[in-house]
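The block underneath contains the structure these notes are about, expressed in structure tokens.
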Amino acid sequence: MLGTGSPIGPFGILDVVGLGTVYHIFKTEAERTGNEEKMKFVNVLKNQFIDAGKLGVSSGEGFYKYPNPTFQGKGFLK
């Protein structure tokens, strides 16, 4: 956020896109390439977020809780 001047960082962007979408993209790529590191990320997304109903902005929680995610708070980057 500091480097780009963006009001939202990478994890906030993933929440906006939706963790279900992120999951399917990474799962497809991990299976296609056989990349074990990507598959680990896919499993974390499924087990810790999707299975728990944490889908991002659409469900009210993903990497952050909405409607007032911590990255919008004063002093978040300090």
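In segment 66-78, is there at least one residue being more than 15 Å from Val22 (Cα to Cα) and aliphatic (A, V, I, L, M)?
For segment 66-78, residues more than 15 Å from Val22 (Cα to Cα) and aliphatic (A, V, I, L, M): present.
Residue pairs, Cβ under 8 Å, 6 or more apart or interchain, first in segment 54-67 and basic (Lys, Arg), second outside any strand (DSSP E or B) and open to solvent by less than 50 Å² (accessible area, probe 1.4 Å). List them.
Hits for this filter: Lys54/Leu19; Lys54/Gly62.
Being under 11 Å from Ser58 (Cα atoms) and touching a helix residue (DSSP H, G or I) at 6+ places or on another chain (Cβ under 6 Å) is the filter here, so list the residues in segment 1-17 that pass it.
Of everything in segment 1-17, those that are under 11 Å from Ser58 (Cα atoms) and touching a helix residue (DSSP H, G or I) at 6+ places or on another chain (Cβ under 6 Å) turn out to be Asp15, Val16.
Taking Thr33 as the residue in question, decide whether it is within 16 Å of Ser59 (Cβ to Cβ) and without any contact (Cβ under 8 Å) to a residue 12 or more places away in the chain.
When the stated conditions are applied, Thr33 does not pass them.
Given the criterion in contact (Cβ under 8 Å) with a residue 12 or more places away in the chain and under 14 Å from the mean Cα position of the chain (by Cα), identify the matching residue among Ile25, Ile8, Ile13.
Residue meeting the stated conditions: Ile8.
The values are calculated or read from the model by the stated rules, or taken from the named source; none is laboratory data. The structure displayed is predicted, hence computed values, not measured ones. Note that each Cβ is placed from the backbone with ideal geometry, even for glycine, and that neighbours are counted across all protein chains shown. When the accessible area is computed, the model is the full protein with side chains, heavy atoms only, and any ligands, DNA or RNA have been set aside. Shrake-Rupley method; radii C 1.70, N 1.55, O 1.52, S 1.80 Å.
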